[in-house]
Amino acid sequence: MAHKVALASAAVAILLFMPVLQNGFVAWDDNCYVQENPFIRSLDGELLRESFLKFHARIPNWHPLTFVSHAIDYALWGLDPRGHHLGNVLLHGLNTYLVVLLVARLARVGRERAGRAQDELRTVTGAAVVGLLFAIHPIHVESVAWIAERKDVQYAAFYLLSVLFYLRYAGRAGATGVSFTARIFHKDYLFALFFFVLSLMSKPMAVTLPFVLLIIDWYPLRRIDGKRVWRGLLAEKIPFVLLALGTGMLAVLAARAANAIVFVDPLGLRLMIALESLVRYLGNLVYPYPLLPFYQRPRSVECFSAPFIGSLLVVVCIMVLSLWAAWKQQRLWFALWAMFVVMLAPVLGLVEAGEQAMADRFLYLPSLAVFGCVGYGASSLVARISLSPKRNNMVGIAAAVGMVFVALLMLLTILQIRVWHDSVELWSQVIRYKPNAAKAYLQRGNALLDRKEFRQALADFSESIRLAPDNAYAFNDRGVAFAELGLLPEAIGDFTRAIALNSMNPDFFRNRGTAYRLTGQLVNARRDFQQAEAFQ
């Protein structure tokens, strides 16, 4: 039964996201990963060398298997965005299928280990609800509709497969009476390790898996019992942890090569931003409107501000209630909360990488913890209704409420898919709700430049400079807009300002040199071109 529900949920996911095929590339990583990436143009040794063995200044991530995936898409579709979008949609469908099977398996194991009788109706209901939410929730649009986020839907597929094989292993060779050597060389354990490696090579965010497996050991597997068992369980995770540590080091090196890691904010501020972001993630799952492609990282957080105090209270309340439930032998709630926090931990901003405070795409797998709460509630409701003498009326009411809720989520997902139609619409969505986001004006200005709408681009660059006057790229890009409009003195002034803010970018010198040449200032032009060549 679970397989049929899984297939139905996967079909819903694929059909709902098919409008993504009408979208194009967006000028935000799509160009780096696909459009302007020479290494994906052929499936050969150079692709493998550049993907696995090298770090790139424009790509602050180490995810070689994702490069290979993009190369396969390029071999099939070239630069037709529909083919690249189709790959993301199909992977989302596969992930939905795996989610239903995983939730059903966890539910059955939980009832078995707790000594309760199996209830297939509750199991299938809970799995169906979680699978449907995963399939249709608008929070997942960013992961599916953004071609550059292939890494997200791809790592998730291998992550889910690894957990599924681990559950098979834990139910067979993972028994405490089996020798440790026999356990770690069991085929299901090796498959779990293999898919973990593939997940890591798709996106380093998979490093959380060993800790998630320990949570699953605690509940629903209930394998943790005494120091001896603890030692065995930890020993099982050593290969996973070593792989995670190695991948984490590669991810840091890749980010450093692209100058994507900075430690500008003090640790206290980063902790406060992480706490607020954690609660905002919960809020976006419960009330997914509006969802923005970019959430600006705040420059400061007040200790006694209402958002911070409110976030602190929410986290403390959830922690206390989940611990109290665990003490009452209701382990599910603490396990779900722990999974949510653990899976988000790498992207909560404790290590600064980029200008964003949070991102919807980071919730692609962690959202399962919240969906699990809803699935458990729905399955409990179904169990109560089935025992009620008024079950016919209650079934009708529950079905009506559920259909309205599902229809609303689907509508929000369709609207969110349109946000990712092109670069201008993408950044206009951010500006609509966050008019002080300097990066949004800068990015939309560049999209308008590509459309040759130079005056509109000029206005956006000027607004970006007003909001963030220390951004060298905004001055450089406004200089390009001035030059396209024939306003060369203004262009030279902006290029000069960009160089004053960042004298290590050869493009700034090259652009100013071109402007000097067009105005007949050949000596200055020659000097700038020589300076640009010196960086090569």
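Quick notes
So that you can scan it fast, the table gives a plain yes or no per residue for (1) open to solvent by 10 Å² or more (accessible area, probe 1.4 Å); (2) under 24 Å from residue 193 (Cβ atoms):
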position	(1), (2)
87	yes, no
118	yes, no
132	yes, no
140	no, no
143	no, no
149	no, no
163	no, yes
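- One residue stands out in segment 358-378 among those that are crowded, with 22+ Cβ neighbours inside 10 Å and of a type in the set (Ser, Thr, Tyr): the one that is nearest to residue 106 (Cα to Cα), namely 367.
- Residue in segment 380-402 that is open to solvent by less than 80 Å² (accessible area, probe 1.4 Å) and basic (Lys, Arg) present: no
- When segment 464-496 is filtered for residues that are of a type in the set (Asp, Glu), in a helix (DSSP H, G or I) and open to solvent by 50 Å² or more (accessible area, probe 1.4 Å), the ones remaining, listed by number, are 484, 490.
- From 438, 383, 457, 468, residue being over 22 Å from the mean Cα position of the chain (by Cα) and more than 24 Å from residue 499 (Cα to Cα): 383
- Failed item, numbered, when residue 53 is tested on (1) closer than 30 Å to residue 124 by Cβ; (2) open to solvent by 20 Å² or more (accessible area, probe 1.4 Å): (1)
- Selected residue (criterion: modelled with the highest pLDDT) from residues of segment 228-285 that are of a type in the set (Phe, Trp, Tyr) and farther than 26 Å from residue 359 by Cα: 240
- Some residue of segment 188-196 being over 17 Å from residue 241 (Cβ atoms) and modelled with pLDDT under 95: yes
- Picking from residues in segment 121-176 that are hydroxyl-bearing (Ser, Thr, Tyr) and part of a helix (DSSP H, G or I), the one that is nearest to residue 339 (Cα to Cα) is 159.
- Of all residues in segment 422-442 being at pLDDT 95 or above and within 23 Å of residue 493 (Cβ to Cβ), the one that is surrounded by the most Cβ atoms within 10 Å (Cβ to Cβ): 441
- Within segment 1-41, considering residues that are more than 16 Å from residue 94 (Cβ to Cβ) and polar (S, T, N, Q), the one surrounded by the fewest Cβ atoms within 10 Å (Cβ to Cβ): 22
Yes/no matrix, rows are residues, columns are (1) acidic (Asp, Glu); (2) over 27 Å from residue 333 (Cβ atoms); (3) modelled with pLDDT of 90 or more:
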site: 348; (1), (2), (3): no, no, no
site: 355; (1), (2), (3): yes, yes, no
site: 365; (1), (2), (3): no, no, yes
site: 382; (1), (2), (3): no, no, no
site: 386; (1), (2), (3): no, no, no
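This table checks each residue for (1) surrounded by fewer than 15 Cβ atoms within 10 Å (Cβ to Cβ); (2) small (Gly, Ala, Ser); (3) in contact (Cβ under 8 Å) with a residue 40 or more places away in the chain.
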position	(1), (2), (3)
285	no, no, yes
293	no, no, yes
297	no, no, yes
302	yes, no, no
310	yes, yes, no
317	yes, no, no
337	no, no, no
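- Of the helices (runs of 4 or more DSSP H) lying entirely inside segment 1-93, those containing at least 3 residues that are free of Cβ contacts under 8 Å to residues at least 40 places away in the same chain and more than 30 Å from residue 105 (Cα to Cα) are 45-48, 64-77.
The values are calculated or read from the model by the stated rules, or taken from the named source; none is laboratory data. Keep in mind that what you see is a predicted model, and the values were worked out from it rather than measured. Here Cβ is always computed from backbone atoms with ideal geometry, including for glycine, and neighbour counts include all displayed protein chains. Heads up: the accessible areas ignore ligands, DNA and RNA and are worked out on the full protein's heavy atoms, side chains in. Shrake-Rupley method; radii C 1.70, N 1.55, O 1.52, S 1.80 Å.
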